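Scroll down for the structure; my scribbles are underneath it.
The values are calculated or read from the model by the stated rules, or taken from the named source; none is laboratory data. Quick caveat, the model's predicted, so the values are computed rather than measured. Here the Cβ positions follow ideal geometry from the backbone for every residue, glycine too, while neighbour counts run over all protein chains shown. Only protein heavy atoms, including side chains, enter the accessible area calculation; ligands, DNA and RNA are left aside. Shrake-Rupley method; radii C 1.70, N 1.55, O 1.52, S 1.80 Å.
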Amino acid sequence: MQSSAEALVDRRTQVRRGRLLEYLTLGWNLIEAVVAIGAGLAAGSSALIGFGLDSVIESSSGAVLLWRLRAGEEGERRELQALRLVGVSFLLLAGYVAFEAGGALWRREAPEESLVGVVLAAVSLVVMPILARAKRSVAADLGSAALEADSRQTDLCAVLSAILLGGLLLNALVGWWWADPVAALAMVPVIAAEGVRALRGERCDDCAPVD
């Protein structure tokens with residue numbers, strides 16, 4: 001049986017591991033955003049641009065969680081405000097993606113093939129589930145509902161990656177130009193659901209600041 005001192009050391013180790021995972025996720029999302037938006041603009045891909053913008057917003061959401069882990073009561077009040085701003089951003093993004101993808105379908109705009117986008121989506125499809133599993137492991141050790149919820153958001157990133165990859169491959173291999181905007185439209189309900197959850201302030205109600 002662990003002594004109180006050993007338990008404290010173990011908890012701090014898990015907290016550091018949790019923060020490291022959040023920093024890794026934040027860094028990856030930023031890289032993902034830059035590459036996806038750049039490749040999307042070059043190829044005229046609504047799905048890639050929407051994926052990149054989603055990564056930007058998720059980066060801000062991850063930063064909020066890191067901030068919360070270091071804050072006290074004032075941080076909790078600010079977290080609610082930040083969550084609502086993130087929620088509004090997700091809903092605006094869902095509207096933007098729906099508008100752009102719908103317009104591309106209506107105008108029958110065929111995007112160019114994007115090898116960079118395919119590689120990015122494939123790598124993200126591998127990386128995100130690994131990060132999500134690691135977060136759930138740490139969340140279980142810490143009893144952290146916030147980190148558990150964040151792991152589910154990381155799982156959603158993998159879902160978006162799969163949708164994006166399918167659309168890009170169908171366009172590149174089969175010549176189905178409409179697969180890209182349809183993939184973008186398939187992202188809309190996933191992105192909107194994230195926005196609704198954030199607006200509702202769904203988070204950990206008993207998360208304490210950690211050192």
Options G18, G27; residue that is of a type outside the set (A, V, I, L, M, F, W, C), open to solvent by less than 40 Å² (accessible area, probe 1.4 Å) and modelled with pLDDT under 90: G18
query: Counting just the residues of region 135-148 that are buried (at least 18 other Cβ atoms within 10 Å of the Cβ) and in contact with a Lys or Arg (Cβ under 8 Å, 6 or more places away or on another chain), which one comes out modelled with the highest pLDDT?
result: V138
message: Given the condition touching a helix residue (DSSP H, G or I) at 6+ places or on another chain (Cβ under 7 Å), modelled with pLDDT under 90, open to solvent by less than 40 Å² (accessible area, probe 1.4 Å) and in a helix (DSSP H, G or I), answer yes or no: does some residue in region 104-121 qualify?
response: yes
- request: State whether one or more residues within region 158-170 are under 21 Å from R17 (Cα atoms), surrounded by 21 or more Cβ atoms within 10 Å (Cβ to Cβ) and more than 13 Å from the chain's Cα centre (by Cα).
  value: no
query: Among all residue pairs at least 6 apart or on different chains, which show Cβ distances below 6 Å where the first residue, located in region 192-209, is at pLDDT below 80 and the second is open to solvent by less than 60 Å² (accessible area, probe 1.4 Å) and assigned to a loop (DSSP other than H, G, I, E, B)?
result: P209/A71; P209/G72
task: Count, please, the residues in region 39-48 that happen to be in contact (Cβ under 8 Å) with a residue 24 or more places away in the chain and surrounded by fewer than 20 Cβ atoms within 10 Å (Cβ to Cβ).
output: 2
